[in-house]
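Each remark here refers to the structure printed beneath this line.
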Amino acid sequence: MSASQEGKGGVAASAPPALDRDYSHFYFASGDDPFAILDPFEEWWEQAEPAGYYQYEMPIHSAPATRVDVEDTKAGVIRRGLINFASYNYLGLSYRPEVKEAIKEAVDRYGAGASGSPILSGNTALLDQLAREVARFKAKEAAVIFPTGYSANVGTIAGLMRSGDLIVADQFAHASIVDGMILSKAQSRFFKHNRPDDLDAKLRGFQGRKLVIVEGVYSMDGDLAPLPEIVEVCKAHKARILLDEAHSTFVFGPNGRGVAEHFGVEDEIDIHLGTFSKSLGGQGGFVAGSRALVNYLRGFARSRFFSCALAPTVTAGLLKALELAVAEPELRKRLWENVAYMKGLLGEAKVDMGHSESQVIPIMIRNDQAIMAIGEELLHEGVFINPVKYPAVGKHKSRFRMSISAAHTRQDLDEGAEILIRVLRRHRIIP
């Protein structure tokens, strides 16, 4: 089935001059007025948005299923039935009837929101239950729930580390990790991506409290952290490890507990952090570990302490989604079958997928000027996928980030791959 649309829209023939600049050009400004940067930014944005940046924040008019209806804000149309390779809904749980029914029941009992921070009036029986279920699932003593995955990283890092301490993170660490490092006021260093030898060099010689932060699956490249080697380096330097499994919890490992389980090093990781917005299709974040760690973070993680608690409606949906993820391991099996199938289709066409080892597949373009025009053509021809360029990734490393779901059918994958390959050939990205 090809995507239908309401209205008309054209495709950019070449990169407009506005795309020679990006957000990084408007980070700093001179003068005494903080608003002085707004006028030059707005002048650029008026050209850059229709030139391609409109592809960010396009409103969705349907569930994040394998086919979605997306509002093309440039053309003023709703493009219907687009093949969805943009949403994180890896197990297809967001719109399952059981999940929606659990949410409806929670609305009747609890209303809309928590109406308070968890430390005061915002805690609910559902939230306590979710923390217990996450701890049980992760096989840890305890867990604490945050309103978002971003706040989980920021609150945990800044809540635990202090001025004079050392934090060393992979150079491709998520923005939430970087922001947590800044807020902690600890000494911050970055080691070369997935290079345990460079991590060793960055830790060497420091006397004091040390925390190493890596991700299970890196969200822009889809590759895995070499956890066994990283664990050995951390042991040698008596450093604690925080593992962010945002994109790997509920999908990797024999029981879906993540990359730590996949590598057999669960007990070597001090802080297990993850999100609910990816594989469970909801919202929120968590930290699992020792009871002492969780109790400390409940008092010192300011991003949780001073935020409204996760809404009971969302929490109810997460509880049901977690139940389904555990009860239906075939979802993970189907996901990995779909990943292998799509990688096979793209590989045969010589599409550069970087070093992906996961359900996150980068479609490497490496042309910062052309990627927006390519994205516009993909949108018009029936595929919803996110263009990514500097500063989200390095210069000349632009790519599309493809997310595969257990819910994708072979028809979805075949049709989506055919469109991608056709457009990439048109632009001579592949032969």
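The values are calculated or read from the model by the stated rules, or taken from the named source; none is laboratory data. Source: prediction; values computed, not measured. FYI the Cβ positions are ideal-geometry reconstructions off the backbone, even for glycines, and counts take in every protein chain you see.
If you check ARG162 against the conditions, is it surrounded by fewer than 16 Cβ atoms within 10 Å (Cβ to Cβ) and either closer than 19 Å to ASP270 by Cα or not assigned by TED's automatic domain parsing to the domain that holds GLU323 (or both)? Considered against the rule, which asks whether it is surrounded by fewer than 16 Cβ atoms within 10 Å (Cβ to Cβ) and either closer than 19 Å to ASP270 by Cα or not assigned by TED's automatic domain parsing to the domain that holds GLU323 (or both), ARG162 comes out as yes. Mind checking whether some residue in the stretch 33-51 is within 21 Å of the chain's Cα centre (by Cα) and within 20 Å of PRO387 (Cβ to Cβ)? Scanning the stretch 33-51 turns up no residue that is within 21 Å of the chain's Cα centre (by Cα) and within 20 Å of PRO387 (Cβ to Cβ). Return a yes/no flag: does the stretch 211-223 have any residue that is in contact with a strand residue (DSSP E or B) (Cβ under 8 Å, 6 or more places away or on another chain), hydrophobic (A, V, I, L, M, F, W, C) and without any contact (Cβ under 8 Å) to a residue 12 or more places away in the chain. No, the stretch 211-223 contains no residue that is in contact with a strand residue (DSSP E or B) (Cβ under 8 Å, 6 or more places away or on another chain), hydrophobic (A, V, I, L, M, F, W, C) and without any contact (Cβ under 8 Å) to a residue 12 or more places away in the chain. Scanning the stretch 40-55 finds one or more residues that are part of a loop (DSSP other than H, G, I, E, B) and touching a residue at least 40 places away in the same chain (Cβ under 8 Å). Only helices (runs of 4 or more DSSP H) whose full extent lies in the stretch 110-196 are considered here, and the ones with at least 3 residues that are touching a residue at least 40 places away in the same chain (Cβ under 8 Å) are 125-138, 149-160.
Residues of the stretch 338-368 that are out of contact with any Asp or Glu (no Cβ under 7 Å at 6 or more places or on another chain) and closer than 28 Å to ARG21 by Cα: VAL351, ASP352, MET353, VAL360, ILE361, ILE363, ILE365, ARG366, ASN367, ASP368.
TYR296 meets the stated requirement of being of a type in the set (Phe, Trp, Tyr), outside the structural domain of GLY416 (by TED's automatic domain parsing) and over 20 Å from the mean Cα position of the chain (by Cα). Filtering the stretch 314-346 to residues that are acidic (Asp, Glu) and either in contact with a Phe, Trp or Tyr (Cβ under 7 Å, 6 or more places away or on another chain) or closer than 21 Å to LEU127 by Cα (or both) leaves only GLU323.
Residue pairs whose Cβ atoms lie under 6 Å apart, separated by 6 or more positions or on different chains, with the first residue in the stretch 399-419 and more than 11 Å from ILE363 (Cβ to Cβ) and among the β-branched types (Val, Ile, Thr) and the second modelled with pLDDT of 95 or more and part of a helix (DSSP H, G or I), are ILE404/ASN338; ILE404/VAL339; ILE404/MET342; ILE419/GLU381. Test VAL214 against the stated conditions and say whether it is among the hydrophobic types (A, V, I, L, M, F, W, C), over 14 Å from GLY155 (Cα atoms) and under 23 Å from the mean Cα position of the chain (by Cα). Yes, satisfied.
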